[in-house]
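A.B. asks: Let me give you the structure first, and then I'll get to my questions.
What follows draws every value from the coordinates through simple rules; no lab data is involved. None of the values given here were measured: they were computed from a predicted structure. Backbone-built Cβ (ideal geometry, glycine too); neighbour counts: all protein chains shown.
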Amino acid sequence: MFAHPEPVKPRPRPSERPNPGPWLALFAAGAAARVVPLLIGRSMAGPEWLPIASNLAHGLGLAANAAAGPIATAQVPPLAPWLASGVLRVAGPHPVALALAFAVLGALVPLVVASLGMAVYGGGAGRWAGWICALDPLLVLAPAIESVAALALATATLATAAWIKTPRPGRALGVGMLWGIGALAHPALLALPLLMAAWAWVPLGLTVAPRDRIRQTLLVFAGLATIVAPWTLRNAGAVHGFVPVNTGNGVALLAASSHRAWTDPALRGAPLTRDQLVAEHPEVAGRAEVATDRLALERAAAHAAEHAPEALAVIAPRAFGFAIAPLHPFDPWLTIAGALLLPFWLWGATRAATGARRLFQSVPVVIAAWFLARTLVFGTTTAARVPVEPMLALLAAVGLDDARRRARAWSHGLRVIPGRS
């Protein structure tokens with residue numbers, strides 16, 4: 001009589017479990033890019049602060065070697081030496097083990113930045129950002145302290161974005177603690193919680209009551225203090241001075257703002273080396289680290305007050321060094337990579353700062369502006385740009401993804417219409 005229709009098979013539901021394949025491939029690429037240079041001849045000499053990490057591994061605390069034995073110091077931010085001391089305890093003083101450990105840590109940066117990009121700008125920008133960070137030569141060859149700082153900065157920014165999306169008191173406290181960990185990785189991150197709180201003030205007000213906005217902002221600073229304050233107190237007892245993270249900032253300022261640093265064209269915006277600084281200011285040698293910092297800060301302030309016009313000569317090379325790569329010492333590979341990314345991260349920064357969701361998406365722009373200001377003051381070096389490189393890579397990914405969408409629309413005779421605020 002009547003043919004019975006075949007039952008329609010239900011469409012298989014997509015797996016609710018995320019596919020780890022792309023993430024594993026991204027991590028593998030980032031790890032390979034960092035490990036292979038170590039295996040084919042890149043120098044694996046330990047960092048200058050390796051004796052400090054070794055003393056820490058042997059239970060002597062964060063101490064530098066001296067003629068009379070190890071003495072407590074605050075010369076370096078403590079996070080990288082603490083991580084290195086853990087490797088030394090497990091693997092011993094083998095340079096390969098230490099280099100591989102920091103290479104693996106560096107390979108985590110692409111994963112965090114990809115997650116941040118997907119959360120803030122969408123999947124396309126997140127994937128672009130992850131692969132840029134995996135292969136970026138500046139991040140691949142980064143020194144240990146700056147590599148850890150890049151990871152800490154990206155992680156804290158990801159947590160900040162999640163907090164702004166879904167404000168909760170516990171998240172606010174956790175965000176502050178992550179920024180505190182970042183501050184112990186690099187002193188440049190110490191001021192960023194203040195900038196993040198100022199940036200988050202308006203978008204927070206769109207989702208929470210005024211009193212709750214104040215409370216959650218204060219919780220961010222409470223979390224920061226929970227991490228940084230004990231270390232600051234330790235420094236007060238160890239080096240007898242107010243040192244929130246590490247000493248050396250006064251010396252770094254003098255190295256970037258002395259007469260020679262501002263007037264020697266051969267430096268091209270770079271700060272003086274330690275030997276060059278001592279040759280120009282021999283009075284900073286042979287003092288305790290806190291006293292050296294204070295004297296250097298006084299000398300830098302006095303020179304800036306008397307010879308401020310000299311600083312104009314270094315603004316352009318330092319801005320160039322931040323935007324592309326330092327001119328001294330000149331590295332052609334870093335310069336080529338920086339020049340290729342420059343138009344895309346400038347366009348991405350413009351899109352992020354002016355788009356319909358600019359109150360939420362402009363966070364990498366705020367961070368990049370802070371590091372640009374630091375570069376103009378402290379001089380341009382390869383290491384100084386490393387912590388902010390993930391944010392510039394993220395902005396470049398935004399520019400690349402926008403260019404891809406516009407090219408695709410143009411090929412179909414369409415036009416991308418920007419959203420309205």
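A.B. asks: Would you mind ranking Thr292, Thr226 so that the residue whose beta carbon has the fewest other beta carbons within 10 Å leads the list?
C.D. replies: The fewest-first ordering by Cβ neighbours comes to Thr226, Thr292.
A.B. asks: Read through the labelled values [x] 51; [y] 60; [z] 45 and report the label of the one computed as percent of Cα pairs over 29 Å apart from the structure.
C.D. replies: Matching entry in [x] 51; [y] 60; [z] 45: [x].
A.B. asks: Continuing with this model, one more query. So, counting K/R as plus one and D/E as minus one, what does the shell of residues with Cβ under 14 Å around Ala291 add up to?
C.D. replies: Here the charged neighbours net out to -1.
A.B. asks: Let me ask another. What's the local net charge at His259, with K and R +1, D and E -1, over the other residues with C-beta under 12 Å away?
C.D. replies: With Lys, Arg at +1 and Asp, Glu at -1, the net is -2.
A.B. asks: His307 label point, 7 Å along Cα→Cβ, cut-off 20 Å on backbone N: hits in the range 358-380?
C.D. replies: Residues 376-380 qualify, since their backbone N sits under 20 Å from the label point.
A.B. asks: First select every other residue whose beta carbon is under 13 angstrom from the beta carbon of His186; then total the charges, Lys and Arg +1, Asp and Glu -1.
C.D. replies: Combined, the nearby Lys, Arg, Asp and Glu give 0.
A.B. asks: If each residue of separation counts as 0.36 nm, what is the full-extension length gain between His240 and Arg404 once their alpha-carbon separation is subtracted?
C.D. replies: Difference between extended and current length: 53.5 nm.
A.B. asks: Over the chain, what is the mean sequence separation of C-alpha contacts under 8 Å (at least six apart), divided by residue count, expressed as relative contact order in percent?
C.D. replies: In percent, rounded to a whole number, it is 16.
A.B. asks: What is the calculated FRET efficiency for Ala198 to Val96, with r their C-beta to C-beta distance and R₀ = 45 Å, to the nearest 0.05?
C.D. replies: It comes out at approximately 0.55.
A.B. asks: How high is the relative contact order of the range 301-421, in percent, counting Cα pairs under 8 Å that sit 6 or more residues apart?
C.D. replies: The value is 31 percent.
A.B. asks: Note down the nm distance, to one decimal, between modelled labels 7 Å out along Cα→Cβ at Thr226 and at Arg89.
C.D. replies: For the pair Thr226/Arg89, the computed spacing is 2.3 nm.
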